[in-house]
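Here the structure is laid out as structure tokens; the discussion comes afterwards.
Coordinate-derived values only; no laboratory data. Since this is a predicted model, take the numbers as computed values, not measurements. Cβ placement follows ideal geometry from the backbone for every residue including glycine, while neighbour counts extend to all protein chains displayed.
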Amino acid sequence: MGEQDEQALYAARSVTVRRKPVPAPPPPQYPVKKSSLVDRWKSLSRRTRIIVLAVVLAIVALIVGLAAGLSTRKRTQNLPLPSGHGGPYTGDLTYYEPALGACGVTSTNKDKIVAISHIVFDTASTGSDPNSNPLCGKKIRARLDNKSVDLTVVDRCTGCQPKDIDVTVNTFATLADVDLGRVLVEWNWLENIPAGAED
């Protein structure tokens, strides 16, 4: 073996074989878990959760209370209730065939009774028993064309607007022609008429 062959052999042994580098595999991709409200809620301590619930319930109760108070005040402000100025109010006068009324009183056409609007009746209600409604037994005076009649509240009129009243056929005939069926009438609560102002 000649010198050149030895050098070539030596050179061949000393040469490092360079291979193409293999890229390292990418690190595993785990989905990034977004923190949901449920996770945040669960991470809170029991005491903190109780406090948060109490605050939320207090706010909801306050909102509901204010809404109810405002709607009740607005609803009752313009209603013809005895606690208001007492009248006079102007509304439709109609008639119906009386029987057992919402106040628990059975009436006939001969009775001087009145059914007031269900809106007014229900607003004045203090419980689930209509017989104990504070308007039951209250007196009103209805006037039309210089004629008047005093009536006792015994019923609620489901088809009446707040200032309308519904009476017996006989009472309607005292104030207007029955064939008209519906006329405008002026009325007020007797409890609020100043002394000496009654007819």
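Of the DSSP beta bridges with both residues in region 89-192, give the percent that are antiparallel, rounding to the nearest 5.
70 percent
Highest first, please rank the peptides 92-104, 157-169, 128-140 by the mean number of other Cβ atoms sitting within 10 Å of their residues.
Those peptides, ordered most packed to least, come out 157-169, 92-104, 128-140.
Please work out how much length the chain gains when fully extended from E97 to V183, using 0.36 nm per residue of separation minus the C-alpha to C-alpha distance, in nm with one decimal.
Difference between extended and current length: 29.2 nm.
Of W189, W41, how do they rank once you tally other Cβ atoms within 10 Å and put the fewest first?
With the sparsest Cβ surroundings first, the list reads W41, W189.
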